[in-house]
Every structure is written in structure tokens, then in C-alpha cells.
Amino acid sequence: MSMPISRTSATFASPIVESRRWLEGYTPTQPLINVSQAAPADLPPLGLRQELARAALEDADAHLYGDVLGRESLRAALAAQMSDHYNADVASDQIAITAGCNQAFAATISAICTEGDEVLLPTPWYFNHKMWLDMQGVTTVPLKTDDAMLPDPDLAATLITPRTRAIVLVTPNNPCGIEYPDTLLDRYFDLAKAHGIALIVDETYRDFDSRDGAPHQIFQREGWDNTLIHLYSFSKAYRLTGHRVGAISTSAARLLEIEKFLDTVAICPAQLGQIGAQWGIENLGPWLAQERDEILRRRAAIETGFAPLAARGWKLLGLGAYFAYVQHPFPQDAQTLARKMVHDVNILMLPGTMFVPAGDLDGPRQFRIAFANVDCDGITELFDRLATYTPSS
């Protein structure tokens, strides 16, 4: 096996970037239904935009370097919000603000791993996690999920070696949408603690979890911050995708290592995005609750509207937050079908092959449907097109 010529050549092209290339030379025959990307396309609410404008005009520090680990006021606001949400005690010195959740993951891996180390990643995985591990020379150990799309802790235990540094869980899951039970997270916390490795839990989509109250109790565990590294994104909650604001919660000692990465890569998170995130925490609770209700309505529309697809041999494998994960009934592989669907039925969605290792037998039969920007009527239209679709050979 030849060595990569650079860090970036060690991994694959971004699936989002690649799928956009499929639209080159594309002539639509009906409106395109784009379910490829899990990012809200609508503007932030007016009040938040007004606060950003005010800060840009009036706050001198909005245009200057700030603290590497983020604005203290935002760290304190997020600590208070998390303490309330998880019925736990989270302090501001256990939180760092990052330039999005992808940077939170990158900073975390850089702080706990070196080349040749191993990280367990459930499959189907979030592709950017795999890409960063590749670029860091960290070996990704695939952890295959079961029929319910859940990773088995007993199987994970058999994959841990002296080079293992972390287990990564995403809940609600991207790409599958599955909400991991609190008992499952408890078992993974115990497993990671027993082996002296980190448990990285990415809860980018926590604000759209269908369960009321705290989805787990791991923040209540004694010494949680010595084992848990928790990741979060403000992008989905407050539509701040372009402002790049995320967060890490873990021990203050570990944040000292993470700070080295953040200082070198970005110096500090963008000030305006942080100001917007704090304003969101303090003012957008009711609005965010309505956004969650809308996502839950779309989830229900997928559940109730899936019957025509099921009759054609499709299977709904996972559903939650922004995602439905499905299995198609056709002989062609999903990668081929994804390209054909753009032109045949004007649908853009990502094939399961983008979320699994090369050679995985399940990925070619699967698709991720990201419905953040498709309302209930759009879901009906999506299913109508898929239910009548027969790809040419």
C-alpha cells in the first residue's frame, strides 16, 4: 500500500462537495428536491439578525481577536443552559467555543491522538469525522451497528487495543437519525472509563431530539469531564451555519491542550457568531421549541407517509432529528442511483456508500435523506417521486 503524498491525499473528497458537482450541466424538468445536506437554509430569526447588525456597528470587540477558548459570557451562558438541560453541574471553565462543531472534533482528536493511534467510529459514520482521522494519520476502527442502527458496546469492547484513544458517538445520529438510549450511553461511558480512553459524544442535533428533558445522565456521572468530551453546534439551533460556532465540554486540563490547536488554527472563534449564539441562548428558547416542533412534524410525515415506498420494497432503517436513513430495492448501487436520480426525478440525496468503509456491503443499498429544508408537503412530493421511480438499467 503506497503512502499518501500529503495529509489531505490520505482521505476522500467531501461528499457534499462531490454531490454538488453532480448538478453541473443539470437541466431540471421539475423543481429539484435537495435532501443532501443537513443544514438549515433559512435566515436566522429577525431579532438575532438585528443583534448581529447592532454588534457589528456598535461593539468594538466584535472586530478584534478574543479569548482563544471563546467569549467568557458565552461560555457561562452555555454552561448554565447545559446544567439546566442535563440536570447537571457544568462550569464555564469546562467549555470551549470553537469555529463550528467540525473544528470541535478536529481540535479534540488533535489533543488526544497522535499518528498511529486508533479511534472507534460506528458505521454508518459522519464522513467529516472519518476524513479528519485520515488526515491526522489516526486509524479509524469501524464499529458496525446492528439492525436497529445502534452500536453494540460488547462488540466495541472487542475492538479496543492499546492504541485506542477514543470512541465516538453521534446522537441524534448523523446519518441515521437514531436517538441513542440513555442506557446505551451509560454503558459506553463505563467502557471508556474502564479503559482510560475518551468518550466523544457529538450532540449537534440535540435540540431536535424527540424526547423531552435530558436525553442521558452522563453529565451527572462523578468525574464526567475526565472521560467525556462533549461536542455541540449552534448552527442548527439558531441557523448560524455561516458564522461557524460550536462548543466542546470536557475537563479544564484537557481544554489546555485543545487551546493549543485552536490558537494555531483560528486564534479565536468569530466574535459576531459568538455574540449571536449568546443572544440565541438568552432569547430564542420559545422560538427554538417551535423549530423542534416543526422538525418533529416532518419526522411524523415520514413515518406516516412511508407506506407507498415500503410497498415498493424500500425500508426505513432510521429516523430522527434532520435525517431518515433508508434502504432502496434496486439492483444498482446507491452511488450510481444517486447520480441518476438528479436527472431522472430531480432528487439530490447522498448514497450510503459515503458513510461506510470501502467494501461495506450495506452502503450501496442505502441513502441518507436530510429533511432540514423540506417541509411536510415537500416530503410528500419526495415520496411520490421515489414511489414511482424505476431506474433504467
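Bear in mind that the values in this text are calculations on the coordinates, not laboratory data. Keep in mind the model is a prediction, meaning the values are calculated, not measured. Counting neighbours? That spans all protein chains shown, and the Cβs are built from the backbone with ideal geometry, glycine included.
Summarised as an ellipsoid, the range 92-236 has semi-axes of 20, 18, 16 Å, derived from the eigenvalues of the Cα gyration tensor scaled by 5 and square-rooted, with the largest first.
Measuring nothing but how far apart in sequence close Cα pairs (under 8 Å, 6+ apart) lie, relative to its length, the chain scores a relative contact order of 24 percent.
Could you give the angle, 0 to 90 degrees to the nearest 10, between helix 46-58's Cα long axis and the longest principal axis of the Cα atoms of the chain? Result, in degrees: 40.
Diagonalising the gyration tensor over the Cα atoms of the range 297-338 and scaling each eigenvalue by 5 before taking the square root yields semi-axes of 20, 13, 7 Å, largest first. Principal-axis analysis of the Cα atoms of the chain puts helix 101-112 at an angle of about 60° to the longest axis. Extending 7 Å from Cα along the Cβ direction at Ala148 and again at Glu115 yields two label points whose distance is 4.2 nm.
For the chain, the 222 nm mean residue ellipticity estimated from helices alone, with every DSSP H stretch of n ≥ 4 adding -39500 (n - 2.57) and the total spread over all residues, rounds to -12000 deg cm²/dmol. Calculate how steeply helix 334-344 sits against the longest principal axis of the alpha-carbon atoms of the chain, using the helix alpha-carbon long axis, and give the answer as 0 to 90 degrees to the nearest 10. The two axes meet at around 70 degrees. In terms of the mean number of neighbouring beta-carbon atoms within 10 Å, the peptides 285-291, 24-30 order highest first as 285-291, 24-30. Here the Gaussian network model covers the chain, with springs between Cα atoms less than 10 Å apart; of Thr204, Thr108, Thr183, Thr183 fluctuates the most.
Taking springs between alpha-carbon atoms closer than 10 angstrom, which of Val17, Val68, Val90 fluctuates most in the Gaussian network model of the chain? Maximum fluctuation in the GNM of the chain, among the listed residues, is at Val17. Using the eigenvalues of the Cα gyration tensor, what equivalent ellipsoid semi-axes result for the chain when each is taken as the square root of five times the eigenvalue, whole Å, largest first? Semi-axes from the Cα gyration tensor: 33, 26, 21 Å. Taking the chain as a Gaussian network, where each spring joins two C-alpha atoms under 10 Å apart, which residue of Phe323, Phe105, Phe261 fluctuates the most? For the chain, modelled as a Gaussian network with Cα springs under 10 Å, the answer is Phe261. Full extension of the segment from His63 to Asp375, taken as 0.36 nm per residue of separation minus the current Cα-Cα distance, would add 108.6 nm. Counting lysine pairs in the chain whose alpha carbons fall under 28 angstrom apart, excluding pairs fewer than 8 residues apart on the same chain, gives 13. Seen through its C-alpha gyration tensor, with square-root eigenvalues sorted a ≥ b ≥ c, the range 36-130 comes out prolate because a/c lies at 1.5 or above while a/b is bigger than b/c.
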